Amino acid sequence: MYICAIGNQKGGVGKTTTTHNLGVFLARKGKRVLLVDLDACGLEPQKIEKTVFDVLSGALSIAEARRPLEDKLDLLPANIRLAEAEMAFAGRIGRENLLKKALVSVAADYDYILLDCPPSLGLITVNALNAANGLLIPVQVEYYALAGLALIRQTVSMVRELNPGLAILGLVLTFFDSRKTLNKDVAAALSDEWGEAIFSSRIRDNVSLAEAPSNGQDVYRYRKNSYGAKDYAALAEEFLKRTEG
């Protein structure tokens, strides 16, 4: 089982979109996948009663709280209660290991677990990075991304004291438009700094990626011939090579 945290300390970069659609394409390739919503941003919009908060608190196991999305793809959802986690678990011994311990119980059930992280370095993000084998960083191609990535490196360095095996799996460029000079310039600057850490698959700015969630669908089911679907299919192929190779 490979556990991948998907995070960036900047919001609005496509973390949830990447988590959901990467998971869908991995499942369509026959991989058993669990999506874990740690951002309470609505990977499933329906009313939720059993959530990741209940798992972290010890009230439920993952097997009791997860729900199927489609064949080979499950979701451990979240709701607004996740905002209570910082205070609820702050005084608990081993609070950085709550998620890691919970995931042990489903280690035999999945090939991949994808953790959708909140855009902050709080207890939930630390739990995700402490549990993960690798960190996938969605990066919107704008100048603010360059400064934000320095913070991510610092975060990973700190968490490695808890999880020495944590690796940066790579950066995936999102909202990319090759017609925009700014996008091309930022992509080039990122390439100079990060080199092969950047996935060659780029997620183009595509309206279908924005429309699909409002229709309760992933981009493949919503519009399988869209740029968004093609880009995440390519990312899944590259992701498999990096994690299985």
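Given the residues 30, 12, 58, which is the only one that is modelled with pLDDT of 90 or more and either of a type outside the set (Gly, Ala, Ser) or open to solvent by 50 Å² or more (accessible area, probe 1.4 Å) (or both)?
Answer to the selection: 58.
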Review point. So which pairs qualify, if the first residue must be in segment 195-210 and without any contact (Cβ under 8 Å) to a residue 60 or more places away in the chain and of a type in the set (Lys, Arg), the second must be part of a loop (DSSP other than H, G, I, E, B) and open to solvent by 30 Å² or more (accessible area, probe 1.4 Å), the Cβ gap must be under 9 Å, and the two must be at least 6 apart or on different chains?
Key: 202/178; 204/175; 204/178
Exercise for review: Output yes when any residue across segment 189-208 is under 14 Å from residue 20 (Cα atoms), open to solvent by 10 Å² or more (accessible area, probe 1.4 Å) and under 20 Å from the mean Cα position of the chain (by Cα), and no when none is.
Suggested key: no
**Study point:** Every residue from segment 225-237 that is outside any helix (DSSP H, G or I) and either closer than 13 Å to residue 24 by Cα or open to solvent by 70 Å² or more (accessible area, probe 1.4 Å) (or both)
**Key:** 225
Point to revise | segment 212-224, subset under 15 Å from residue 28 (Cβ atoms) and out of contact with any helix residue (DSSP H, G or I) (no Cβ under 6 Å at 6 or more places or on another chain), residue surrounded by the most Cβ atoms within 10 Å (Cβ to Cβ) | key: 217
Study note, to complete from the structure: Note on segment 43-55: residues open to solvent by 40 Å² or more (accessible area, probe 1.4 Å) and modelled with pLDDT of 90 or more are 50
Review point. Got a number for residues in segment 61-120 being among the hydrophobic types (A, V, I, L, M, F, W, C), in contact with a Cys (Cβ under 9 Å, 6 or more places away or on another chain) and either loosely packed, with under 14 Cβ neighbours inside 10 Å or under 24 Å from residue 242 (Cα atoms) (or both)?
Key: 3
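Yes or no: residue 21 touching a Phe, Trp or Tyr at 6+ places or on another chain (Cβ under 9 Å) and either assigned to a loop (DSSP other than H, G, I, E, B) or on the phi < 0 side of the Ramachandran plot (or both)? It would help to see each step written out before you state the result.
Details: touching a Phe, Trp or Tyr at 6+ places or on another chain (Cβ under 9 Å): yes; either assigned to a loop (DSSP other than H, G, I, E, B) or on the phi < 0 side of the Ramachandran plot (or both): yes.
For residue 21, the condition - touching a Phe, Trp or Tyr at 6+ places or on another chain (Cβ under 9 Å) and either assigned to a loop (DSSP other than H, G, I, E, B) or on the phi < 0 side of the Ramachandran plot (or both) - is met.
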Review point. Mind checking which residues of segment 165-184 are among the small types (Gly, Ala, Ser) and open to solvent by less than 60 Å² (accessible area, probe 1.4 Å)?
Key: 165, 167, 170
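Here are some residues: 149, 162, 129. Which one is open to solvent by less than 10 Å² (accessible area, probe 1.4 Å), within 30 Å of residue 89 (Cβ to Cβ) and either touching a Gly at 6+ places or on another chain (Cβ under 8 Å) or in a loop (DSSP other than H, G, I, E, B) (or both)?
Details: 149 fails: either touching a Gly at 6+ places or on another chain (Cβ under 8 Å) or in a loop (DSSP other than H, G, I, E, B) (or both); 162 fails: open to solvent by less than 10 Å² (accessible area, probe 1.4 Å).
Checking each option against the conditions leaves just 129.
The values are calculated or read from the model by the stated rules, or taken from the named source; none is laboratory data. Nothing here was measured: the structure is a model prediction, and the numbers come from that model. Note that each Cβ is placed from the backbone with ideal geometry, even for glycine, and that neighbours are counted across all protein chains shown. For accessibility, only protein heavy atoms count, side chains too; no ligands or nucleic acids. Shrake-Rupley method; radii C 1.70, N 1.55, O 1.52, S 1.80 Å.
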